[in-house]
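See structure below.
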Amino acid sequence: MSTEALHGYQIELLVQAEEVGALKFGEFTLKSGRISPYFFNAGLMSSGEILNTIANAYAATIIAALDAPTNPLPAFDVIFGPAYKGISLAACTALVLSAKYQLSYGFAYDRKEAKDHGEGGKLVGVPVQGKKVLILDDVMTAGTAVRLAIESIKGAGGQVVGVVQLLDREERGNNGKSTVEEVEAVIGGKGRLQSVLKLRTLMTWLEQNGKADILDKMKAYWDEYGWKA
């Protein structure tokens, strides 16, 4: 497998994630039944400092994807955060894009259950009707949360043009395909799903920090379950 050069924001994010216990190494049984040598829980990244790091990492990833020479991320109008973890991620990223890059986007999110009073409905924030929407997600395994978000946005008259996830585990499913391939097919093709971090990012970081024992386990996991694009 090939490794990739690391950006400063990726290194900062990985260091802070490990410090707060959001990134752990060991043996973890996933919902799929696979025994993973690492586990990533974005819900533990809940301080102001690390939220700032995450938002800057998302923003940098989005800017790079919009300017990509091949398969660029399409232009969009609204940043959408699926409930619940995605709400803070999308809000903070919209703030950074405005303050740091002078790009102002609408922000919206969904509720787990529709509200029948006040403004009502299931979606909150800027209306998505007639708008192009970018979804932010944390770690996509089966892609369930993203698929539900896509349905909600379509139901409200919006068009999902891209997804940016915090971590791509780069695994193939039982059908031999990856979740990335499946979601990109739904929203319009290659380049529509971007990631701040990938399994290869973690492995490069481990190698650069001399964590050979963990790296060997990660390589073995990649050999067995990795998506060989």
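Quick notes
- For the range 171-194, the set of residues classified as in a loop (DSSP other than H, G, I, E, B), in contact with an Asp or Glu (Cβ under 9 Å, 6 or more places away or on another chain) and either closer than 12 Å to T141 by Cα or basic (K, R) (or both) consists of G173, K190, R192, listed by residue number.
- Among the residues of this structure, Q129 does not count as one that is at pLDDT 90 or above and either under 15 Å from the mean Cα position of the chain (by Cα) or open to solvent by less than 70 Å² (accessible area, probe 1.4 Å) (or both).
- Residues of the range 187-219 that are among the aliphatic types (A, V, I, L, M) and touching a strand residue (DSSP E or B) at 6+ places or on another chain (Cβ under 8 Å): I187, L193, V196, L197, L199, L202, I214, M218.
- Options K154, K122; residue that is without any contact (Cβ under 8 Å) to a residue 40 or more places away in the chain and either in contact with a Cys (Cβ under 6 Å, 6 or more places away or on another chain) or in a strand (DSSP E or B) (or both): K122
- Apart from one condition, L193 fits all of (1) more than 21 Å from E12 (Cβ to Cβ); (2) in contact (Cβ under 8 Å) with a residue 60 or more places away in the chain; the exception is (2).
- Among the residues listed as G162, G226, the single one being in contact with a Pro (Cβ under 8 Å, 6 or more places away or on another chain), more than 17 Å from K31 (Cβ to Cβ) and open to solvent by less than 10 Å² (accessible area, probe 1.4 Å): G162
- Being open to solvent by less than 40 Å² (accessible area, probe 1.4 Å) and farther than 19 Å from A68 by Cα is a property that holds for S152.
- Whichever residue in the range 132-142 is in a strand (DSSP E or B) and open to solvent by 30 Å² or more (accessible area, probe 1.4 Å) and, among such residues, is nearest to Y58 (Cα to Cα): V139
- Residue in the range 13-31 that is touching an Asp or Glu at 6+ places or on another chain (Cβ under 9 Å) and of a type in the set (D, E, K, R) present: yes
The values are calculated or read from the model by the stated rules, or taken from the named source; none is laboratory data. What you are looking at is a predicted structure, and each value in this text was computed from that prediction instead of being measured. Cβ atoms come from the backbone with ideal geometry, glycine included; neighbour counts cover every protein chain shown. Surface accessibility is based on the protein's heavy atoms, side chains included, excluding ligands, DNA and RNA. Shrake-Rupley method; radii C 1.70, N 1.55, O 1.52, S 1.80 Å.
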